[in-house]
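**Student:** Can you read through this structure? Questions will come right after.
The values are calculated or read from the model by the stated rules, or taken from the named source; none is laboratory data. Nothing here was measured: the structure is a model prediction, and the numbers come from that model. Backbone-built Cβ (ideal geometry, glycine too); neighbour counts: all protein chains shown. Heads up: the accessible areas ignore ligands, DNA and RNA and are worked out on the full protein's heavy atoms, side chains in. Shrake-Rupley method; radii C 1.70, N 1.55, O 1.52, S 1.80 Å.
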Amino acid sequence: AGGGQISLDPDSGTRQIRGLVDLGGYPMAGSATVRGEPGRSVRIDMPSEIKMSSSTGGSISISNLQTDLPPAPRLDSSGQLRFRFGGRLEVSGNMSGTFRGRFPITANYE
């Protein structure tokens, strides 16, 4: 009833739960694929926070976003870079429902 947090590590897929009840299920990090010229260096920028809302008017946020990107990401020989991301889901009060949100992932080729 008071809310809480769930943190998901994109590298290991492990989660840490504080103040919420774990109803089971499989924790799943987000994933993205960037395509372009093979071997090219790329800089990936993501927002610091993602806001999500439900059709019933509830809202939650995901903050402290982290990726499993290497320090100097580069497209592979097929021109792709796949990466995962995770963060901290923060719930205030008694929320339930299906939450949706959009957020930009920007790729700058170098």
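**Student:** Dividing the alpha-carbon radius of gyration of segment 55-110 by 2.2 N^0.38 Å (N being the number of residues), what value is obtained? Don't skip to the answer; put the middle values down first.
**Tutor:** Working: Rg = 15.9 Å, N = 56, 2.2 N^0.38 = 10.2 Å.
Expressed relative to 2.2 N^0.38 Å, the Cα Rg reads 1.56.
**Student:** Sum up the charges of everything whose Cβ sits under 11 Å from the Cβ of Lys51, counting Lys and Arg as +1 and Asp and Glu as -1, but leave Lys51 out. Mind showing how you got there, number by number?
**Tutor:** Values: positive: Arg100, Arg102; negative: Glu49, Glu90.
Charge balance near Lys51 sits at 0.
**Student:** Using a Gaussian network for the chain with springs between C-alpha atoms less than 10 Å apart, which of these wobbles most: Ser31, Ser96, Ser59?
**Tutor:** Ser96
**Student:** Per residue, how large is the accessible surface of the chain? Use a 1.4 angstrom probe and give square angstrom.
**Tutor:** Numbers: 7240 Å² over 110 residues.
In whole numbers, the chain has 66 Å² accessible per residue.
**Student:** Quick one: net charge of Ile6's neighbours, Cβ under 10 Å, K/R +1, D/E -1? Could the numbers behind the result be given before it?
**Tutor:** Details: positive: Arg15, Arg18, Arg88; negative: Asp22, Glu90.
Summing Lys/Arg as +1 and Asp/Glu as -1 gives +1.
**Student:** Over the chain, what portion of Cα pair distances is larger than 24 Å, expressed as a whole percent?
**Tutor:** Numbers: 1965 of 5995 pairs.
It works out to 33 percent of all Cα pairs.
**Student:** Here's another thing I want to ask about it. For the chain, what is the relative contact order in percent, using Cα pairs closer than 8 Å and at least 6 residues apart in sequence? Display every interim value, and only then the final one.
**Tutor:** Values: 240 pairs, mean separation 41.7, N = 110.
About 38 percent, as a whole number.
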